[in-house]
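Worksheet: the structure to be examined is printed underneath.
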Amino acid sequence: MNTEQARQAENPAPVSIARFDYTPAAADYDRALWHYTLRSWPGRTRHLLPLYAAAAVAFAIRAWKWHFDQTEIVVTGTICAIAVLVVRQWFRRHRTRDQYATHAEHSVCLTTLGEDGLTTTGASGHTVTADWNSYPWWFETPDLFVLTGSMEFFFVLPKRGAACPEDLEQTRALFSQRLRRI
């Protein structure tokens, strides 16, 4: 065994399970956010109780101070609830657009998935590696695989970038093994 073979035996190259070559699109991030917000339990419930509690306290103080009648209480409560939901959705959309802008600056991306995590390399040469602990949850839409830990960050992996159809099945199997599906 020569020295090169010995070095490769000591530090084996990570085995690639799936490969995706794609250009990030803003619509992908919007669909991921929509799906997360409306179709997943963390998206529907995260920060909802504290926001509603704050709106209820503010509403109760105003109702007590201004002595609203029953109709005004219902209208004001409805307006407070809608305002909380609008602000919450605006915040999510703003964060998601920031994430898209970060990925879009790399132009064409190559993402490889392996047992240790995922590695994304942009056309600019910038490489980002993340282990599976970075994204505890995943979900799937008809066009996307989305890895997430919260509303603060998403990793959107478009299915259109799969190198071959087998990569989609291998990706599902890997995500099911390593992450929790929401």
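Miscellaneous remarks
- Residues in segment 80-89 that are of a type in the set (Val, Ile, Thr) and in contact with a helix residue (DSSP H, G or I) (Cβ under 9 Å, 6 or more places away or on another chain): Val84, Val87.
- Some residue of segment 164-177 being touching a helix residue (DSSP H, G or I) at 6+ places or on another chain (Cβ under 8 Å) and surrounded by 18 or more Cβ atoms within 10 Å (Cβ to Cβ): no
- Counting only residues that are among the polar types (S, T, N, Q) and touching a residue at least 12 places away in the same chain (Cβ under 8 Å), segment 154-182 holds 2 of them.
- Looking across segment 121-155, the residues that are of a type in the set (Asp, Glu) and more than 16 Å from Arg92 (Cα to Cα) come down to Asp131, Glu140, Asp143.
- When segment 112-165 is filtered for residues that are touching a His at 6+ places or on another chain (Cβ under 8 Å) and among the aromatic types (Phe, Trp, Tyr), only Phe139 remains.
- Candidate set from segment 148-179 (those that are under 21 Å from His103 (Cα atoms) and assigned to a loop (DSSP other than H, G, I, E, B)); member that is modelled with the highest pLDDT: Ala163
- Entry remark, segment 81-103: residues being farther than 25 Å from Ala60 by Cα and either of a type in the set (S, T, N, Q) or modelled with pLDDT under 75 (or both) number 5 in total.
The values are calculated or read from the model by the stated rules, or taken from the named source; none is laboratory data. Here the structure is a predicted model, which means the values were calculated and not measured. Please note: Cβ atoms are built from the backbone with ideal geometry, for glycine as well, and neighbour counts cover all protein chains shown.
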